[in-house]
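Shown next, in structure tokens, is the structure this report addresses.
All of the numbers you see were taken from the coordinates with simple rules; none came from a lab. This is a predicted model, so every value here is computed, not measured. So basically every Cβ, Gly included, is an ideal-geometry build from the backbone, and we count neighbours across all protein chains shown.
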């Protein structure tokens with residue numbers, strides 16, 4: 001197993017997939033990196049969701065900025081495994097409804113992700 005973090009491996013694989021014109025790997029890497037980025041988003045607490053009086057609102061550039069979450073390596077791996085599992089499940093569903101070409105595309109995406117988990 002490599003010491004390089006999974007997210008970094010995915011990021012480094014994206015330009016290589018693009019250069020190789022591997023649409024399947026490019027699509028799944030972009031989607032997975034987006035899922036990781038989305039998981040880092042901070043959900044506002046209940047007080048922030050409730051309206052404030054206008055005079056209490058933050059003003060100015062960056063006034064409402066909140067630091068993003070920092071995901072651990074196991075959390076990132078869990079996201080990647082969930083993306084992989086989602087594609088495998090969808091591929092099975094497509095097979096059941098007679099869409100083998102779409103099923104194989106999803107299995108190709110799953111293989112592309114699995115290569116980074118080994």
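Distance between the modelled labels on residue 75 and residue 27, one decimal in nanometres: 3.0 nm (7 Å Cα→Cβ projection). Stretching the chain fully between residue 95 and residue 38 yields a gain of 17.6 nm (0.36 nm per residue, less the alpha carbon separation). Taking 30 Å as R0, compute the FRET efficiency from the Cβ-Cβ separation of residue 4 and residue 66 and round it to 0.05. It comes to 0.55.
Counted by neighbouring Cβ atoms within 10 Å, the residues 4, 24 run from fewest to most as 4, 24.
When peptides 87-93, 12-18 are ranked by their average number of other Cβ atoms within 10 Å per residue, the highest-first order is 87-93, 12-18.
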